[in-house]
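The next block holds one structure in the form of structure tokens; read it before the comments.
The values are calculated or read from the model by the stated rules, or taken from the named source; none is laboratory data. Keep in mind it's a predicted model, so treat the numbers as computed, not measured. Heavy atoms of the whole protein, side chains included, go into the accessibility calculation; ligands, DNA and RNA do not. Shrake-Rupley method; radii C 1.70, N 1.55, O 1.52, S 1.80 Å.
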Amino acid sequence: MKSHYVLALEKVKPPLIDFVGHDHLMECLNQSISFCSIEGGNSILLIVGPSHAGKSALLSQLSGYLYTQQFQQHTPDLMHVIGATALTSREGRTTPKYIYSALLEDLQHPLFYTQHLERPEDYRPWIRFDETFMLTRLRRSMEVRDTRFTILDEGQYLTRAKDPEFKASLLESMKSLVTPRSSLIMAGGYELVEVALSIRAHVAIRVIVLHLGRYKDTPEDRQAWLQILKAYSLCPLLRLSREDLLITHADLLLEQCQGVLGMLEKRLIACKMLSDARGVPIDEGILEATAPSQLAWNTMQADIAHGEATLAAYQASVDVTKVKPASAPKKKPTKPPFTRNAKRSHPPVTV
């Protein structure tokens, strides 16, 4: 049986054209499929990238693959894939308690399934649930439902705190979703990387990081960017003044959109809105009028640059020749029992 979250993921569709299987997305998707094809659990797949890079679209394609290829036999009582989306609820972040509650509802637990609780015959008195109670019910429900993968989107909202130890504790709570039979797939911003890999060793050792990055000014990325623009040029919703309009402005769009597919899509939607309002096709003037502001461009550029630098630092290979072996702790000299330390600083006592 498909959970409500999986059914909602299947409805994730691009607004302008069908799914764009561009190079960066397909590479991450194929690696994710390979990760899910391995039997067993106890692993965490972390998918990071800039905002609007297509992480939710990747999760949609991945869940579709799991139910069409890996879990073809649908058993009514089993839910092999569940999920939730982290939302900002307090101080710009979400809480583990909210995630547990959303997953229990997705598992259709009788105490948390709102569709059942709305019926008068299923009324139960209000009970105050703490995180320990919810976590034990969640782990038991995942075992009964034979849950193999838990998907968590917008995971960066779990780490919105100033104290590094507190951020690590929030992310560490999600490790409870990893069992010997199930794995966690979490997607989010770059800020997840530092928290997941640098503070808690027993979390870092389980994490595999996939980077759904932007397209840069390299020959390979420029060629892939041109293929993306060719696909959008065929969109019937975009009334272009000429067919090669986007192709001729490929360099400009690559720079202004930071090489991020979602930002390109947002830009083209703005072009369509202005084109429809003016009653004219999309031309150079409309492309120029919908360019991002300098403030918005700088903000996005700073976030991407910081995220890529953080990711590169944690993906750097270890040079074993420079790793110093751990030295044994020094032992304190032993003294006979009931022996005091002599205070040499005191002057001698004369009798």
* List, in order, the whole-Hz ³J(HN,Hα) value for each residue of the stretch 210-220 obtained from phi through the Karplus relation with A = 6.51, B = -1.76, C = 1.60 and θ = phi - 60°; use x for Gly and Pro. => 10, 10, 9, x, 8, 9, 10, 8, 10, x, 5
* To do: List the extent of the Cα atoms of the stretch 145-220 along each of their three principal axes, largest first, rounded to whole Å.
  => 46, 34, 21
* At 1.4 Å probe size, with no ligands or nucleic acids counted, give the accessible surface of Asp303 in Å², nearest ten. => 80 Å²
* Pairwise centroid distance, computed over Cα atoms, of the stretch 238-314 with the stretch 1-76, Å -> 26 Å
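Among the listed pairs Lys55/Lys216; Lys230/Lys266; Lys11/Lys55; Lys13/Lys175; Lys11/Lys230, give every one whose C-alpha distance is greater than 22 Å.
Among Lys55/Lys216; Lys230/Lys266; Lys11/Lys55; Lys13/Lys175; Lys11/Lys230, the Cα-Cα distance tops 22 Å for Lys13/Lys175; Lys11/Lys230.
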* Structure fact -> Rounded to whole Å, √(5λ) for the Cα gyration tensor eigenvalues of the stretch 137-285, largest first, gives 42, 18, 15
* **Share of pairwise Cα separations in the stretch 183-223, more than 13 Å, in percent** => 62 percent
* Mind listing the long-range amide H neighbours of Leu210? Cut-off is under 5 Å, sequence gap 5 or more, other chains count too, H placed in the peptide plane at 1.01 Å from N. => Leu46, Ile47, Val48
* Amide H neighbours of Ile282 under 5 Å, at least 5 residues apart or on other chains, H built in the peptide plane: list them. => Arg239, Leu240, Ser241
* Roughly speaking, what is the stretch gain from Ala313 to Phe166, that is 0.36 nm per residue apart minus the C-alpha to C-alpha distance, in nm to one decimal? -> 50.7 nm
* Please turn the phi angles of the stretch 16-27 into ³J(HN,Hα) values with the Karplus equation 6.51 cos²θ - 1.76 cosθ + 1.60 (θ = phi - 60°), one per residue in order, whole Hz, x for glycine and proline. => 9, 9, 5, 3, 9, x, 6, 4, 5, 5, 5, 5
* Karplus-derived 3J(HN,Hα), 6.51/-1.76/1.60, for each residue of the stretch 136-143, Hz, glycine and proline x -> 5, 5, 5, 4, 5, 5, 5, 5
* Rounded to whole Å and ordered largest first, report the semi-axes of the equivalent ellipsoid of the stretch 23-114 derived from its Cα gyration tensor (root of 5λ). => 24, 21, 11
* Over the stretch 1-65, relative contact order from alpha-carbon pairs under 8 Å, at least 6 apart, % -> 55 percent
* **Accessible area, probe 1.4 Å, largest first, for residues Arg206, Arg278, Arg239** => Arg278, Arg239, Arg206
